[in-house]
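Quick notes on the structure that follows.
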Amino acid sequence: MMKNNNIYIPYALIAVFSLLFLVIYFYTTSPFYAEPSSMDSAVFQLIGKEWLNGGLPYVTLWDLKGPIIYLVNALGYAIAGTRLGVFIIEWIVVTTTLAIMYRWLCSEFSVKISLILIVFPLLNICANDLGGNAVAEYILPLLAVSFVGIYSWISKVSEQTSVVQHRPIFAIVYGVVLSFSLLSRITNAIGVCAAVAVIGIYLMIKGEWKNLFKNLLYFLLGFFSILIPCVLYFRSHNAEYDMWYGTILYSIDYAKDANSVYHSLVELLKSIVHFVDVYVLLLVSFILLTIPKRRITGGMWLAVSGFTLVWLLSGWGFAHYGLIAIPYFCISILEMKHIYEYYRHKNVSKVLVIVFSAYVAIILLGAIHSYRLYLNLYQDNQELKEARAILAELPSDYKTSFVAYNCTPDLYLYNEITPYYPYFSLQDFEKRNSPSLSKRVYDTFVYGDVKWILVRDIETCTLKKELLRRYDIYIQHDKTLLTVLRSKK
């Protein structure tokens, strides 16, 4: 009986360590911080709260992400009535992900070693999630399960001379991953899609058409199991186009301006900190290609890491985008063990020790850097203080007809304000590369009837002339660049 109870101790430790780290690093939802600067997290929480209260994403309040992130936040507020509920969901998601990865590592390592190793992806999540409640973190359990299936299959391909069929049950998970990504951020599925392509090519080359079509059927089953209920929900509320516009169509315009920030050697070196799991798997892939029996495996991981890295370096390259590579850690560690066993008495084993040591150093430095940088930067929410000071000078009923322009969404979240317009935050940034959204914002603010508008830096506001024709300047603080406009009607 005692032995059976011991089985659960590692999972309890994972849950406890996750909680200890997340309450520190996931400050946008952690109960340890009063009113941190939340930015994207605040937007997700606002839309989730409004959805829970009878509103509708993209119609009542607009943003450029898929509906799943708002659903998660709505569920969080349904659980606890505050952002604590979102934090609880994050804790469950991270703990589940690490538990899956722990079981995966236990397939070839002892319990103690697996527990020690699992600390590193936890630190990596903390270092790069930028305060928590980011889109990528919620898909991590699905990605972990997917790569368990992919790793199991490709390992059998390398070990056996006969044709290895792919288990269709995992194809369901791949389909769910793609659908989940489509409804959150489509590129989150890039690694899984690369692997699925390799699997499909292998089955076609081997003539396993029956297994291929069975996997395709299961894949579509998983894909539509998420997509269809979502589409039907928004269609029933006459908002299907609004959902697709915010999720996909606007993102096409948004992506046109996604110039890489990694255009120099120094920037590329910095990217290693954020995307270290991708770089390590890429290196491991090349080493695997030197081992005759594992060249197919090397090709699989080369496709997965290569496509992921190209996407991360060619887009905006935000640190939290790299969270989708967290499961790559297990692949790299397990494959490094195989490489070590093959090159036991050669210099390659020394290279692996150096690579792992560098990985540990990068993860630790990244976690320390994030703690010092992000918490110091966002804990003192100066922009909220400035907005709150000027809002205190308005009549007590201003909240019934109020919206901010180019301001932080925190002022809504922490002052219990429901924005009057759907387009409620950082409007000039969001519409700069989208003619369609620009027209929507223009029509809303030029022809709408909100009474109060708080504008940050009205001199650079793209709608300055239009607003000043319909509104009087009620308060203007030159020092904080905040201006309150009151309707002339």
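Take the conditions (1) under 23 Å from the mean Cα position of the chain (by Cα); (2) surrounded by fewer than 24 Cβ atoms within 10 Å (Cβ to Cβ); I125 misses just one of them, which is (2). Applying the condition of being surrounded by fewer than 18 Cβ atoms within 10 Å (Cβ to Cβ) and in contact with a Phe, Trp or Tyr (Cβ under 9 Å, 6 or more places away or on another chain) to segment 400-417 and asking which residue is farthest from K465 (Cα to Cα) yields T400.
The single condition from (1) open to solvent by less than 40 Å² (accessible area, probe 1.4 Å); (2) within 19 Å of the chain's Cα centre (by Cα) that P168 fails is (2).
Here is a yes/no grid of residues against (1) modelled with pLDDT of 95 or more; (2) open to solvent by 20 Å² or more (accessible area, probe 1.4 Å):
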position	(1), (2)
K3	no, yes
V16	yes, yes
T28	no, no
S38	no, no
W51	yes, yes
V59	yes, yes
W62	yes, no
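Residue-wise test of (1) surrounded by fewer than 16 Cβ atoms within 10 Å (Cβ to Cβ); (2) among the β-branched types (V, I, T).
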| position | (1), (2) |
| --- | --- |
| G299 | no, no |
| V304 | no, yes |
| C330 | no, no |
| I333 | no, yes |
| N347 | yes, no |
| I354 | yes, yes |
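Given the condition in a helix (DSSP H, G or I), open to solvent by less than 20 Å² (accessible area, probe 1.4 Å) and over 17 Å from I68 (Cβ atoms), answer yes or no: does some residue in segment 238-259 qualify? So far as segment 238-259 goes, no, none of its residues is in a helix (DSSP H, G or I), open to solvent by less than 20 Å² (accessible area, probe 1.4 Å) and over 17 Å from I68 (Cβ atoms). Of all residues in segment 199-237, exactly one satisfies the criterion of being within 30 Å of S152 (Cα to Cα), among the basic types (K, R) and surrounded by fewer than 14 Cβ atoms within 10 Å (Cβ to Cβ), namely K210.
Of all the criteria given as (1) surrounded by fewer than 16 Cβ atoms within 10 Å (Cβ to Cβ); (2) under 30 Å from E430 (Cβ atoms); (3) hydroxyl-bearing (S, T, Y), the one not satisfied by Y8 is (2). Test L84 against the stated conditions and say whether it is more than 22 Å from I324 (Cα to Cα), assigned to a helix (DSSP H, G or I) and out of contact with any helix residue (DSSP H, G or I) (no Cβ under 7 Å at 6 or more places or on another chain). Here the answer is yes, as L84 does meet what is asked.
The sole residue among L289, L312, L281 that is at pLDDT 90 or above, under 26 Å from I362 (Cα atoms) and surrounded by 17 or more Cβ atoms within 10 Å (Cβ to Cβ) is L281. Residue count for segment 171-187 satisfying the condition of being closer than 20 Å to A325 by Cβ, open to solvent by less than 20 Å² (accessible area, probe 1.4 Å) and modelled with pLDDT of 95 or more: 3. Only one of the listed residues (V23, V43, V16) is closer than 18 Å to V135 by Cβ and part of a helix (DSSP H, G or I). That residue is V43. Scanning segment 185-236 for residues that are among the basic types (K, R) and part of a helix (DSSP H, G or I) yields K210, K214, R235. Considering (1) surrounded by fewer than 20 Cβ atoms within 10 Å (Cβ to Cβ); (2) under 30 Å from the mean Cα position of the chain (by Cα); (3) aromatic (F, W, Y), the lone condition that Y340 does not fulfil carries the number (2). Within segment 140-151, does at least one residue satisfy the condition of being open to solvent by 20 Å² or more (accessible area, probe 1.4 Å), modelled with pLDDT under 95, part of a helix (DSSP H, G or I) and over 19 Å from A303 (Cβ atoms)? No, segment 140-151 contains no residue that is open to solvent by 20 Å² or more (accessible area, probe 1.4 Å), modelled with pLDDT under 95, part of a helix (DSSP H, G or I) and over 19 Å from A303 (Cβ atoms). The number of residues in segment 452-467 that are over 36 Å from the mean Cα position of the chain (by Cα) and in contact (Cβ under 8 Å) with a residue 12 or more places away in the chain comes to 1. Taking residues in segment 192-203 that are under 22 Å from I139 (Cβ atoms), and partners anywhere that are among the aliphatic types (A, V, I, L, M) and surrounded by fewer than 18 Cβ atoms within 10 Å (Cβ to Cβ), the pairs with Cβ atoms closer than 9 Å and at least 6 places apart or on different chains are V198/I296; G200/L216. For segment 96-122, a tally of residues being surrounded by fewer than 21 Cβ atoms within 10 Å (Cβ to Cβ) and under 18 Å from the mean Cα position of the chain (by Cα) returns 1.
The values are calculated or read from the model by the stated rules, or taken from the named source; none is laboratory data. Quantities reported herein were computed from a predicted structural model and do not represent experimental measurements. For neighbour counting, all protein chains shown are included, and Cβ atoms are generated from backbone atoms with ideal geometry for every residue, glycine included. These accessible areas exclude ligands, DNA and RNA; they are computed on the full protein's heavy atoms, side chains included. Shrake-Rupley method; radii C 1.70, N 1.55, O 1.52, S 1.80 Å.
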